[in-house]
Amino acid sequence: MPQHDAMTTERADVVMIGLGVIGLSTAGALARRGHRVVGIDRWGSGHPATSSTGASRSIRLAYEDERYVRLARAAFEGWRRLEASQEVTLLVETGQVDLGPDTTLDALAAAMRESDVPFDDLDALAVRRLFPELAIRADERALFHGQAGTVLADVAMRALTADAIRAGTMLSMPERCLAIEVGPDEATVATDRRTVRADRVVIAAGPWSGELLRTVGIELPLAPAVAQVTFLEAPQLVDRPGFMDWMMGDAAGVYGHPVPGVGYKIAFDAGSTEPWLPDVEAWPPDLAEQDRLIARLGERMPAIEPRVSLTQRHPWTMTPDGDFAIGRRGPIVVAAGCSGHAFKFGPALGALVADVAEGIDRDDIDLFSLDRPAMRTGHASPSMPIPR
């Protein structure tokens with residue numbers, strides 16, 4: 001990455017603070033629209049301290065809100081375009097089985113039906129044929145949709161970086177934002193290397209976003225947390241679909257999906273209560289949580305003898321309702337609150353945040369508004385589940 005004299009002052013159209021999946025996607029989108037974009041990141045894209053680290057993320061169309069279904073479809077298209085332009089594999093489509101209370105399955109089915117997403121409503125026998133390792137009661141049902149699976153996240157981050165550079169984005173990392181001075185029509189960013197003045201400053205700094213936003217007078221209910229994922233050596237699951245066993249009562253949900261060359265990834269759909277610390281670069285595995293997860297897996301897959309190959313922890317940032325926080329205040333654009341499910345939407349969120357930066361109205365932006373009731377009066381919990 002380029003080196004800069006600390007006294008240098010530069011001019012840009014947009015400064016992107018944070019180069020995770022949303023920051024890189026937005027930087028590339030804005031650069032392709034002709035904007036001069038400077039992107040910085042304190043740690044570097046995909047660093048273990050950040051939310052966009054790791055080998056994989058799940059991707060699905062099964063959401064209760066059809067706006068998420070449309071956004072996920074746009075994300076699929078974006079990932080496929082990136083695959084074609086860089087001749088890499090980013091998506092592994094395996095389909096997904098959704099289990100859980102009838103109320104949840106009915107809501108998922110309604111949103112997919114409204115959005116013309118093909119899916120199957122399966123009885124217990126059909127589930128066993130599709131995924132023999134899943135234990136399901138005779139009176140249970142499940143949903144299956146084919147356009148779901150795995151995003152190869154580490155490969156995707158490299159592809160997004162290359163795409164942003166090819167579009168003309170000037171990336172610099174590690175480079176830390178020290179201060180932001182906001183004027184009526186522009187803002188000035190001081191870093192540990194230089195000063196950059198721009199028409200727009202996009203804050204997409206993951207769990208560090210709340211602190212940066214407070215320095216410019218924007219207070220949002222964001223709750224950073226630490227999440228954990230475990231990869232299993234389970235050859236019999238390599239060709240199986242992903243699954244989501246949605247929360248019943250007070251029990252956290254569990255999800256899983258195959259990751260080629262790594263194993264079968266499983267995790268709870270909620271973060272831990274352990275506090276996130278802004279200067280920690282890596283977190284050791286929580287073996288007690290790992291044991292609870294393996295026990296939950298044993299309830300659904302009793303025939304599997306799990307062998308843990310890897311357990312990783314990384315931060316995410318919750319909002320009160322689990323929806324993202326995206327909006328604009330003068331020259332400041334907010335892209336925060338990943339809520340544990342943003343990565344899959346990367347290219348689609350990049351286009352959405354770019355639209356917000358340019359002042360383009362969209363019919364789905366209300367879902368993520370900084371002024372929605374949950375953001376005005378709600379309180380975010382680090383351990384709340386990801387949205388359905």
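With springs only between Cα atoms under 10 Å, which of 41, 116, 192 fluctuates most in a Gaussian network model of the chain?
Maximum fluctuation in the GNM of the chain, among the listed residues, is at 116.
Of the listed peptides 293-303, 199-209, what is their order by residue-averaged count of other C-beta atoms within 10 Å, with the highest listed first?
Ranked by mean Cβ neighbours within 10 Å, highest first: 199-209, 293-303.
Using semi-axes √(5λ) of the Cα gyration tensor in Å as the read-out, say which of (i) 68, 28, 22; (ii) 35, 29, 18; (iii) 36, 21, 20 was calculated from these coordinates.
After the calculation, the listed value that fits is (iii).
Per residue, how many Å² of accessible area does the chain show with a 1.4 Å probe?
40 Å²
Which value in deg cm²/dmol, rounded to the nearest 500, describes the helix-derived mean residue ellipticity at 222 nm for the chain, given -39,500 (n - 2.57) per DSSP H run of n ≥ 4 and division by the residue count?
-8500 deg cm²/dmol
In whole percent, and with a 1.4 Å probe on the protein chains, what portion of the accessible area of region 128-260 is carbon and sulfur?
Result for region 128-260: 51 percent of the exposed heavy-atom area is carbon or sulfur.
So, in nm, how far is label residue 367 from label residue 102 when the simple model puts each one 7 Å beyond its Cα toward the Cβ?
The modelled label-to-label distance comes out at 2.7 nm.
Choose one of 26, 238, 346: the residue whose Cα lies farthest towards the positive end of the charge dipole of the chain (beta-carbon charges +1 Lys, Arg; -1 Asp, Glu; about the Cα centre).
26
The values are calculated or read from the model by the stated rules, or taken from the named source; none is laboratory data. As the structure is a computational prediction, the values presented were derived from the model and not from experiment. So basically every Cβ, Gly included, is an ideal-geometry build from the backbone, and we count neighbours across all protein chains shown. Keep in mind that these areas ignore ligands, DNA and RNA; they rest on the heavy atoms of the full protein, side chains included. Shrake-Rupley method; radii C 1.70, N 1.55, O 1.52, S 1.80 Å.
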